[in-house]
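The values are calculated or read from the model by the stated rules, or taken from the named source; none is laboratory data. Everything numeric in this text was worked out from a predicted model, so none of it was measured. Positions of Cβ are backbone-derived with ideal geometry, glycine not excepted, and every protein chain shown enters the neighbour counts.
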């Protein structure tokens, strides 16, 4: 039987990122964490996820450095799961997925939309070059191979 190659060993940054968040429960847990959920019961109630699956996904997200486990009660021992800077950096990915899902797979009923909290106006997230403020999905931008850089130890 052939073993699956680890995405982490691949040169593609998309594949390496998927190694940590590609399982769909992981993305939904991160989504809920960005909405303020921190406790096991909150994730379980929001997602309807089985406790064993949730335990494994939370452990994997902690191991990947996307969530941090913090003890909030000693007796009985209880932990909460808080986004790390690496986890908060995933927010634009989720917002892009939200916009893409709304555009290509619109809900039949109520859904979710990104809005400007000052005006209530719906907005569509755009990945832009911070120097020029131009969308990077337009002409003049390309994904190219670059030499490997040393990993932090």
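Key figures
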| item | result |
| --- | --- |
| Scan of the range 123-141 for residues that are exposed (fewer than 11 other Cβ atoms within 10 Å of the Cβ) and either within 20 Å of residue 92 (Cβ to Cβ) or modelled with pLDDT of 90 or more (or both), ordered by number | 130, 131, 132, 133, 137, 138 |
| Hits in the range 61-72 (condition: in contact (Cβ under 8 Å) with a residue 12 or more places away in the chain and under 15 Å from the mean Cα position of the chain (by Cα)) | 61, 62, 64, 65, 66, 67, 68 |
| Qualifying residue in the range 96-104 (condition: in a helix (DSSP H, G or I) and surrounded by fewer than 10 Cβ atoms within 10 Å (Cβ to Cβ)) | yes |
| Any chance residue 36 is touching a helix residue (DSSP H, G or I) at 6+ places or on another chain (Cβ under 6 Å), under 29 Å from residue 19 (Cβ atoms) and either in a loop (DSSP other than H, G, I, E, B) or touching a residue at least 24 places away in the same chain (Cβ under 8 Å) (or both) | no |
| Options 92, 107, 11: the member that is surrounded by fewer than 16 Cβ atoms within 10 Å (Cβ to Cβ) and modelled with pLDDT of 90 or more | 92 |
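Per-residue answers, yes or no, for (1) loosely packed, with under 12 Cβ neighbours inside 10 Å; (2) in contact with a helix residue (DSSP H, G or I) (Cβ under 9 Å, 6 or more places away or on another chain); (3) more than 27 Å from residue 143 (Cβ to Cβ); (4) in contact (Cβ under 8 Å) with a residue 40 or more places away in the chain:
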position: 16; (1), (2), (3), (4): no, yes, no, no
position: 48; (1), (2), (3), (4): yes, no, yes, no
position: 53; (1), (2), (3), (4): no, yes, yes, no
position: 58; (1), (2), (3), (4): no, yes, yes, no
position: 74; (1), (2), (3), (4): yes, no, yes, no
position: 80; (1), (2), (3), (4): no, yes, yes, yes
position: 87; (1), (2), (3), (4): no, yes, no, yes
